[in-house]
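What follows is a short report on a single structure.
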Amino acid sequence: MKKILTLLSVLVSMPAGAALASDDCFVPIADWQPRAALVLLAEQNDWTVRRIKIDDGCYEIDGRDASGRAIEVTIHPATLEIIEIEYEDDDDNDDDEGEDAGDDRRRRYQEGGDND
């Protein structure tokens, strides 16, 4: 009985795992569009490209949109379909200590220690 329950729990969890991996691009490199086509796509959308990289088998553009907002765009390498546009906050600080907190920590480290 334990074996059947274990098997059922594994089978039930499989579709959920497959759904989580749906943002990956599984395309043979021979079918990829060239980087020049990606640059053209960025120009057509008025994006300023800072960096083009590959993440999870997809193209990823880091740059800025026409408004100057920082963006991270995930693009399908074969079809150049835009999968996701993520707008990044430049002032996103996870610690509520403010922007100068990191400078203070670096200063303490350079001065010989942090006794906190």
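The values are calculated or read from the model by the stated rules, or taken from the named source; none is laboratory data. In this text, all values refer to a predicted model and were calculated from it rather than measured experimentally. Because the Cβ atoms are built from the backbone with ideal geometry, glycine has one as well, and the counts that use them run over all protein chains shown.
Values for this structure:
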{"item": "Scan of the range 81-95 for residues that are assigned to a loop (DSSP other than H, G, I, E, B) and at pLDDT 95 or above, ordered by number", "result": "E81"}
{"item": "Residue ID - nearest to the chain's Cα centre (by Cα), chosen from residues in the range 47-76 that are basic (K, R) and closer than 20 Å to P34 by Cβ", "result": "K53"}
{"item": "Hits in the range 44-80 - residues which are among the charged types (D, E, K, R), outside any loop (DSSP other than H, G, I, E, B) and surrounded by 11 or more Cβ atoms within 10 Å (Cβ to Cβ)", "result": "R50, D55, E60, D62, R64, E72"}
